[in-house]
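Asker: Please find one structure pasted underneath; my questions will follow.
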Amino acid sequence: MAKSHTVYLCRECGSTHERYMGRCPDCGTFNSLSEYKVKEDKPGRSAPRLSGEQSEAVPIGEIEAREEDRVQSGLGEVDRVLGGGLVPGSGILLSGEPGIGKSTLLLQVAQSVTSEQGGNQRFLYVTGEESAAQVRLRADRIGVSGDQLWLLSECDLEAIEAQVKKTSPAVVGIDSIQTVRWDDLPAGAGGVVQVREVTARLISLARQEGFALLLVGHVTKDGTVAGPRTLEHMVDGVLQFEGERGNALRILRGLKNRFGSTEEVGIFEMRADGLHEIDNPSGLLLSDRSTASPGSATAAILEGTRPLLIEVQALVSPAAHGSPARKCSGIDAARLSMLAAVLEKRLGIPLGGCDIHANVVGGVKLRGTAGDLALAAALLSSFHDRPLPRDLVFAGEVGLLGEVRPVPGTRQRLEESARLGFNIACVAPGSLEDSGPKGMKVHEVPELAQLARRFVD
Ligand code: TYD
Ligand code: MG
């Protein structure tokens with residue numbers, strides 16, 4: 001019989017400890033440790049080792065690692081987020097809410113890797129969620145085929161490992177990590193312990209065998225990958241797939257990347273025949289601008305390093321009863337409240353007695369502060385019931401005093417705006433070193449008061 005020892009695992013954060021404690025020292029939760037027996041002849045969650053033998057220290061120059069070794073996923077937008085392709089021996093987590101399109105993306109990566117352009121490399125698609133036949137049907141629907149795309153319908157970790165060794169793929173996709181179970185562990189499939197241990201084992205195998213590993217992980221509404229935040233620490237990269245049901249736009253965001261920047265985003269459109277890369281996402285995000293409506297303002301934001309134009313909408317109406325409502329989607333509620341308070345306090349606009357609804361068109365999220373000016377403009381426009389010019393774009397942060405501040409990359413934002421036919425821009429003073437893109441009229445707005453004046457003259 002294999003020897004075993006006891007570990008205490010935190011159900012909250014997934015950390016393990018050698019002795020029992022009333023409070024997890026890692027996440028601070030009380031009474032969250034449970035006892036587990038771990039067999040000693042199995043590799044545990046210790047850091048994956050390259051070859052099983054003891055390593056020796058070597059000068060960095062002698063380490064072989066070349067950029068060319070990356071496996072191009074073949075999908076430009078995915079490679080861009082990964083910083084040039086998949087690195088052999090690495091593990092990438094592809095996370096997203098159920099139904100967002102993770103399986104579809106994985107299958108399309110498989111298609112590219114196994115295609116002629118992708119170098120005819122072998123891709124092993126392990127499906128635990130759907131049957132092999134279901135995957136085949138989806139593959140037919142989006143036109144994926146090829147001799148090098150192999151399917152395995154399996155949930156058992158040891159069986160998966162055996163098949164990986166047998167088929168020697170360049171890339172292994174696991175859909176999803178939550179369905180894989182390791183029978184030697186006491187916890188059920190999908191639980192924190194299982195997911196952590198299974199991930200550690202698969203990453204260790206990827207390091208040994210030199211394949212790139214793509215793990216699909218479902219996230220819950222609050223954004224954690226089925227409980228264990230710790231998964232994110234174990235993998236080399238985390239790609240988050242975002243979007244809204246009912247809207248075709250999908251954003252692939254690099255949250256963590258050991259081999260490249262985390263700034264990049266990939267943008268796709270979900271169509272009947274799968275995901276399509278789109279070069280001009282702003283077109284998808286701006287509603288029809290042939291008629292100007294009160295409450296709509298265009299913000300020039302940056303997604304990663306990419307300028308993107310989005311439409312911010314606000315609806316300000318007298319509060320029906322009781323305390324006024326503040327509802328928003330795609331916008332940080334705290335930011336909306338803060339802007340409403342600034343407008344009330346600094347400009348005397350009585351928003352305190354108004355319901356405010358605000359949202360961003362197209363299922364994108366307004367992150368950071370660069371959309372402040374647009375949101376303030378949308379609020380003012382709705383309050384006064386006066387539309388803004390259709391070819392006006394905003395880029396600026398608003399401070400608590402009502403002052404407008406420059407945002408990084410203003411030049412890029414305005415160039416993209418000019419390209420899409422926007423002729424007027426409102427920015428903070430000092431945002432640009434010159435007069436801005438050719439043919440564009442750039443207004444410098446030092447304070448919200450100047451912006452508000454437009455609506456009352
Ligand atoms: P799926 O990849 O199964 O999502 P996940 O693996 O993240 O749960 O795709 C989910 C949705 O995408 C599904 O509701 C249908 C839609 N879809 C399309 O619109 N076009 C397609 O070509 C495919 C394959 C799916
Ligand atoms: Mg799926």
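The values are calculated or read from the model by the stated rules, or taken from the named source; none is laboratory data. These numbers were taken from a predicted model, which means no experiment stands behind them. Positions of Cβ are generated from backbone atoms using ideal geometry, with glycine treated the same way; all protein chains shown enter the neighbour counts.
Asker: Pairs needed: first member in segment 117-131, in contact (Cβ under 8 Å) with a residue 12 or more places away in the chain; second member anywhere, within 16 Å of ligand 1 (Cβ to nearest atom) and polar (S, T, N, Q); C-beta distance under 6 Å; at least 6 residues apart or different chains.
Answerer: What qualifies is Gly118/Ser112; Thr127/Ser153; Gly128/Thr179; Glu129/Ser176; Glu129/Thr179; Ser131/Ser153.
Asker: In addition: Here is a list: Leu388, Leu366, Leu400. Which entry is outside any helix (DSSP H, G or I), surrounded by fewer than 18 Cβ atoms within 10 Å (Cβ to Cβ) and either in the same structural domain as Ala452 (by TED's automatic domain parsing) or touching a residue at least 24 places away in the same chain (Cβ under 8 Å) (or both)?
Answerer: Numbers: Leu388 fails: surrounded by fewer than 18 Cβ atoms within 10 Å (Cβ to Cβ); Leu366 fails: surrounded by fewer than 18 Cβ atoms within 10 Å (Cβ to Cβ).
Being outside any helix (DSSP H, G or I), surrounded by fewer than 18 Cβ atoms within 10 Å (Cβ to Cβ) and either in the same structural domain as Ala452 (by TED's automatic domain parsing) or touching a residue at least 24 places away in the same chain (Cβ under 8 Å) (or both) holds for just one of Leu388, Leu366, Leu400, which is Leu400.
Asker: Among the listed residues Gly89, Gly85, Gly118, Gly101, identify the single one that is of a type outside the set (Lys, Arg) and within 16 Å of ligand 2 (Cβ to nearest atom).
Answerer: Working: Gly89 fails: within 16 Å of ligand 2 (Cβ to nearest atom); Gly85 fails: within 16 Å of ligand 2 (Cβ to nearest atom); Gly118 fails: within 16 Å of ligand 2 (Cβ to nearest atom).
Matching residue, one of Gly89, Gly85, Gly118, Gly101: Gly101.
Asker: Only one residue in Val87, Val135, Val109, Val126 is within 16 Å of ligand 1 (Cβ to nearest atom), in the same structural domain as Arg250 (by TED's automatic domain parsing) and out of contact with any Gly (no Cβ under 8 Å at 6 or more places or on another chain). Which one? Lay out the reasoning, then the answer.
Answerer: On the way: Val87 fails: within 16 Å of ligand 1 (Cβ to nearest atom); Val109 fails: out of contact with any Gly (no Cβ under 8 Å at 6 or more places or on another chain); Val126 fails: out of contact with any Gly (no Cβ under 8 Å at 6 or more places or on another chain).
Step by step, each of Val87, Val135, Val109, Val126 is checked, and only Val135 is within 16 Å of ligand 1 (Cβ to nearest atom), in the same structural domain as Arg250 (by TED's automatic domain parsing) and out of contact with any Gly (no Cβ under 8 Å at 6 or more places or on another chain).
Asker: Could you give me the residue pairs with C-beta distances under 7 Å whose first residue belongs to segment 189-206 and is part of a helix (DSSP H, G or I), whose second residue is at pLDDT 85 or above and of a type in the set (Asp, Glu) wherever it lies, and which are 6+ apart or on separate chains?
Answerer: From segment 189-206, the pairs are Leu205/Glu161.
Asker: Considering only residues that are within 10 Å of ligand 1 (Cβ to nearest atom) and among the aliphatic types (A, V, I, L, M), look in segment 90-106 and name the one that is farthest from Arg138 (Cα to Cα). Give the derivation first.
Answerer: Filtering segment 90-106 down to residues within 10 Å of ligand 1 (Cβ to nearest atom) leaves 94-106.
Applying the additional criterion that residues be among the aliphatic types (A, V, I, L, M) yields 94, 100, 105-106.
Working: Leu94: 19, Ile100: 15, Leu105: 11, Leu106: 12 Å.
Only one residue tops the list, namely Leu94.
Asker: State which residue is modelled with the highest pLDDT when the search covers only segment 67-82 and only residues that are among the charged types (D, E, K, R) and over 17 Å from Leu275 (Cα atoms).
Answerer: Of everything passing the filter in segment 67-82, Arg70 is modelled with the highest pLDDT.
Asker: Run Pro228 past the list (1) surrounded by fewer than 20 Cβ atoms within 10 Å (Cβ to Cβ); (2) modelled with pLDDT under 85 and report the number of the one that doesn't hold.
Answerer: Just one mismatch for Pro228, condition (1).
Asker: Follow-up. Looking at (1) of a type in the set (Gly, Ala, Ser); (2) crowded, with 22+ Cβ neighbours inside 10 Å; (3) on the phi > 0 side of the Ramachandran plot, which is the only condition Gly322 fails?
Answerer: (2)
Asker: Follow-up question, since we're still on this one. Report the residue count in segment 94-128 for those that are in contact with a Phe, Trp or Tyr (Cβ under 7 Å, 6 or more places away or on another chain), of a type in the set (A, V, I, L, M) and more than 22 Å from Arg271 (Cα to Cα).
Answerer: Number of matching residues: 1.
Asker: Looking for something over 14 Å from Ile174 (Cβ atoms), within 13 Å of ligand 1 (Cβ to nearest atom) and buried (at least 20 other Cβ atoms within 10 Å of the Cβ) - is there at least one such residue anywhere in segment 113-123?
Answerer: If we filter segment 113-123 for residues that are over 14 Å from Ile174 (Cβ atoms), which is where we start, we get 113-122.
This time we only want the ones that are within 13 Å of ligand 1 (Cβ to nearest atom), so: none.
No, segment 113-123 contains no residue that is over 14 Å from Ile174 (Cβ atoms), within 13 Å of ligand 1 (Cβ to nearest atom) and buried (at least 20 other Cβ atoms within 10 Å of the Cβ).
Asker: Which members of segment 249-269 meet the condition of being modelled with pLDDT of 85 or more and more than 15 Å from Leu94 (Cβ to Cβ)?
Answerer: Those that are modelled with pLDDT of 85 or more and more than 15 Å from Leu94 (Cβ to Cβ): Leu249, Ile267, Glu269.
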